[in-house]
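S.K.: Sending over a structure as structure tokens; questions will come in a sec.
The values are calculated or read from the model by the stated rules, or taken from the named source; none is laboratory data. These numbers were taken from a predicted model, which means no experiment stands behind them. For neighbour counting, all protein chains shown are included, and Cβ atoms are generated from backbone atoms with ideal geometry for every residue, glycine included.
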Amino acid sequence: MQQPVLNLYTSNPADAGFRSLATLLAQEQPVQLRDLSELPAPDTIRRQRLRTERAALAQKLTADRDLVRLARAHVRLAPEVADIKYDMSRYEQRIAEIDQQLAQEGGPADG
């Protein structure tokens, strides 16, 4: 089975370090160097879905922080607080992943 071509985009295809990287990667699969002007436009629908997911997670995170703050006064709620904190860490991790994806796809995370 033929492997797909890996497109590498750069503003300076003559850069020795970049060419070394391309040569190294070409040992595993075909590589094609391309100019940045050939870079495809970001998928705006996917970016909007990511922004929507991020906003929903941020709301859940805020609500959970409020719950933890209120529940700390009640010792009998310790297991629930632990569960909420676990959920919060998952939300924070996913938000960080989304921020990274938005930044990598050609623009700032907020725009």
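S.K.: Taking segment 49-74 as the region of interest, how many residues are at pLDDT 90 or above and either among the charged types (D, E, K, R) or over 29 Å from Y86 (Cβ atoms) (or both)?
M.R.: 9
S.K.: Filtering segment 21-44 down to residues that are in a helix (DSSP H, G or I) and in contact with a strand residue (DSSP E or B) (Cβ under 6 Å, 6 or more places away or on another chain), which residue is nearest to Y86 (Cα to Cα)? Full working, then the answer.
M.R.: Initially, segment 21-44 is screened for residues in a helix (DSSP H, G or I), giving 21-26, 36-38, 44.
Applying the additional criterion that residues be in contact with a strand residue (DSSP E or B) (Cβ under 6 Å, 6 or more places away or on another chain) yields 22, 25, 36.
Working: A22: 41, L25: 39, L36: 41 Å.
By that ranking, first place goes to L25.
S.K.: Quick one: how many residues across segment 5-45 are modelled with pLDDT of 90 or more and within 30 Å of R90 (Cβ to Cβ)?
M.R.: Result for segment 5-45: 1.
S.K.: Just to be sure before I move on: is L50 within 17 Å of Q104 (Cα to Cα) and touching a strand residue (DSSP E or B) at 6+ places or on another chain (Cβ under 6 Å) in the structure I sent?
M.R.: Details: within 17 Å of Q104 (Cα to Cα): yes; touching a strand residue (DSSP E or B) at 6+ places or on another chain (Cβ under 6 Å): no.
In short, no.
S.K.: Further question on the same structure: Exactly one condition in (1) more than 19 Å from the chain's Cα centre (by Cα); (2) of a type in the set (K, R); (3) within 19 Å of A103 (Cβ to Cβ) is not met by R46; state its number.
M.R.: For R46, the failing item is (1).
S.K.: Looking at segment 1-20 only, could you name the residues that are surrounded by 13 or more Cβ atoms within 10 Å (Cβ to Cβ), without any contact (Cβ under 8 Å) to a residue 24 or more places away in the chain and not in a loop (DSSP other than H, G, I, E, B)?
M.R.: Passing the criteria: F18, R19.
S.K.: Quick check on this structure: which one of R65, R47 is touching a helix residue (DSSP H, G or I) at 6+ places or on another chain (Cβ under 9 Å), in contact (Cβ under 8 Å) with a residue 40 or more places away in the chain and assigned to a helix (DSSP H, G or I)? Don't jump to the end; show me each part of the working.
M.R.: On the way: R65 fails: in contact (Cβ under 8 Å) with a residue 40 or more places away in the chain.
The unique qualifying residue is R47.
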